[in-house]
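Right, one structure below, let's go through it.
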There are 2 protein chains.
Amino acid sequence: MTIRVALVDDQQMFRRGVSMIVRSQPDLEVVGEAGDGEQAIALVERESPDVVLMDVRMPVMDGVTATQRILGDAAARGATGPRIIVLTTFDLDADAAAAIRAGASGFVLKDADPDFLIAAIRTVHAGTAVVAASATRALLERFEPTERKPAPPEFDTLTGRERDVFALAAKGLSNSEIARTEYVSEATVKTHISNVLTKLGLRDRVQLVVFAYENGLVDR
Amino acid sequence: MTIRVALVDDQQMFRRGVSMIVRSQPDLEVVGEAGDGEQAIALVERESPDVVLMDVRMPVMDGVTATQRILGDAAARGATGPRIIVLTTFDLDADAAAAIRAGASGFVLKDADPDFLIAAIRTVHAGTAVVAASATRALLERFEPTERKPAPPEFDTLTGRERDVFALAAKGLSNSEIARTEYVSEATVKTHISNVLTKLGLRDRVQLVVFAYENGLVDR
DNA sequence: ACCGATCTCCTCCTCGCGGATGAGGCTCGC
DNA sequence: GCGAGCCTCATCCGCGAGGAGGAGATCGGT
């Protein structure tokens, strides 16, 4: 049972190279190539490949949009559609991230090891796994600070009430607004805010908001 | 030039299996095995492997702590230490994420395709890449929703200069600080800020900061 | 030549913010 | 019981922020 692969990239030379790599494996087969997103949709429609290797930056229609369309069309027909692997040039390509959200199963650096790409195709085809590039680490560090952050030591010194007003101030509320939602006087709020700023070493509530977001202390 | 691999897992049967897989490759070599975190540290100390395959849940000392220690010790000696790949049982293991933060280069599902593991070892050893399991998708969906918002339509109405001061204000700078870094008078900054607030429908710079973070308009 | 947008800067005015300081009431643990 | 910590509220004071309104300069398009 061979895995049917479709190639989508605007550079013909690149497609040629990837095609060589894929064809070198007995269980992989290239069932078609496309030079832009629109061609890709038609290709998938025609050939129903198992896996699509999709470039992001392309003329006519980019890879993210094409990914959305392909998976959207498949879902509309009650099918799952092909697994899509996005090929990226840079490490943590924002477009690649968008493609993942659009439903792509993973992304691989264009200069990755050929064996890695092959393993990625098989892994993705198997269903569960998703392959990523060095991005993962950066991803975790950049997007996860919302969670599991060491939570700055100074923050622990805040009392219960101080954390309450901190949270509200972090959402952009004024002192009077905080006072109203917490059913205390504005003077009390000012005292708490003042204590919080001192404890956290911040200048004003503006920096408090920055601090809150930078340390993932805002719940949404 | 063979890649020297160390195995760390409390289940001997599992180690045996992985060992078989690794040894099946001419360019990979197993230089030692360990059954818990402490043994792992000693093993790394003794053999200086290139790559460590590390389990998370282990008696005596878990994989996350061991990862921290190993990389911490290496850093203390000015060395980079081995690349560490964490082996996880479940998809998005919180422990695995912790290990990545501790410095591990990637994580692979224990039931992943053997070829995938092999490719991961080579990829990680090559330096740049990090391998992940199906977690990546979930990660992106869980932690990235902050970014790449459609970028509010009102934001497009800002002029070039207005965006400049917006960006600086979003970082928590005061008007005078912005004036100094932009080499204009504070009065000018106030004008721009005022225009920005009006255009974006915000009350004050505090809400401006919230707006900036909520819409992923802060670059770090 | 003219208009509109943008950037620059100014003054006057009001108000919210934050620091300093003090104080009364509450619930702990010693 | 008694102090420690916390929550509550108040007053005074200085300052930065933001709105209103005006003004000169530049530049691109009509």
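Taking the stretch B:181-211 as the range and being modelled with pLDDT of 90 or more, more than 10 Å from DNA strand D (Cβ to nearest atom) and under 35 Å from the mean Cα position of the chain (by Cα) as the test, the residues that pass are B:VAL210, B:PHE211. Looking for something under 19 Å from A:ALA34 (Cβ atoms) and either at pLDDT 70 or above or more than 7 Å from chain B (Cβ to nearest Cβ) (or both) - is there at least one such residue anywhere in the stretch A:112-123? For the stretch A:112-123, residues under 19 Å from A:ALA34 (Cβ atoms) and either at pLDDT 70 or above or more than 7 Å from chain B (Cβ to nearest Cβ) (or both): present.
What number of residues within the stretch A:152-178 are in a helix (DSSP H, G or I) and within 9 Å of DNA strand C (Cβ to nearest atom)? Of the residues in the stretch A:152-178, 5 are in a helix (DSSP H, G or I) and within 9 Å of DNA strand C (Cβ to nearest atom).
Would you point out which residue out of A:ALA138, A:ALA104, A:ALA66, A:ALA99 is part of a helix (DSSP H, G or I) and modelled with pLDDT of 70 or more?
Going through A:ALA138, A:ALA104, A:ALA66, A:ALA99 in turn, the sole match is A:ALA66.
Here is a yes/no grid of residues against (1) outside any helix (DSSP H, G or I); (2) within 22 Å of B:THR123 (Cα to Cα); (3) of a type in the set (Lys, Arg); (4) without any contact (Cβ under 8 Å) to a residue 40 or more places away in the chain:
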{"residue": "B:LEU7", "(1), (2), (3), (4)": "yes, yes, no, no"}
{"residue": "B:ASP10", "(1), (2), (3), (4)": "yes, no, no, no"}
{"residue": "B:ARG15", "(1), (2), (3), (4)": "no, yes, yes, yes"}
{"residue": "B:ILE21", "(1), (2), (3), (4)": "no, yes, no, no"}
{"residue": "B:GLU29", "(1), (2), (3), (4)": "yes, yes, no, yes"}
{"residue": "B:VAL44", "(1), (2), (3), (4)": "no, yes, no, yes"}
{"residue": "B:MET61", "(1), (2), (3), (4)": "yes, no, no, yes"}
{"residue": "B:LEU87", "(1), (2), (3), (4)": "yes, yes, no, no"}
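Checking each residue in the stretch B:187-210 for being in a helix (DSSP H, G or I), open to solvent by less than 40 Å² (accessible area, probe 1.4 Å) and without any contact (Cβ under 8 Å) to a residue 40 or more places away in the chain picks out B:VAL189, B:HIS192, B:ILE193, B:VAL196, B:LEU197, B:VAL206, B:VAL210.
Of all residues in the stretch B:3-16, exactly one satisfies the criterion of being modelled with pLDDT of 90 or more and surrounded by fewer than 19 Cβ atoms within 10 Å (Cβ to Cβ), namely B:ARG4.
The values are calculated or read from the model by the stated rules, or taken from the named source; none is laboratory data. Quantities reported herein were computed from a predicted structural model and do not represent experimental measurements. Note that each Cβ is placed from the backbone with ideal geometry, even for glycine, and that neighbours are counted across all protein chains shown. Side chains are part of the model used for accessible areas, which takes the heavy atoms of the whole protein and leaves out ligands, DNA and RNA. Shrake-Rupley method; radii C 1.70, N 1.55, O 1.52, S 1.80 Å.
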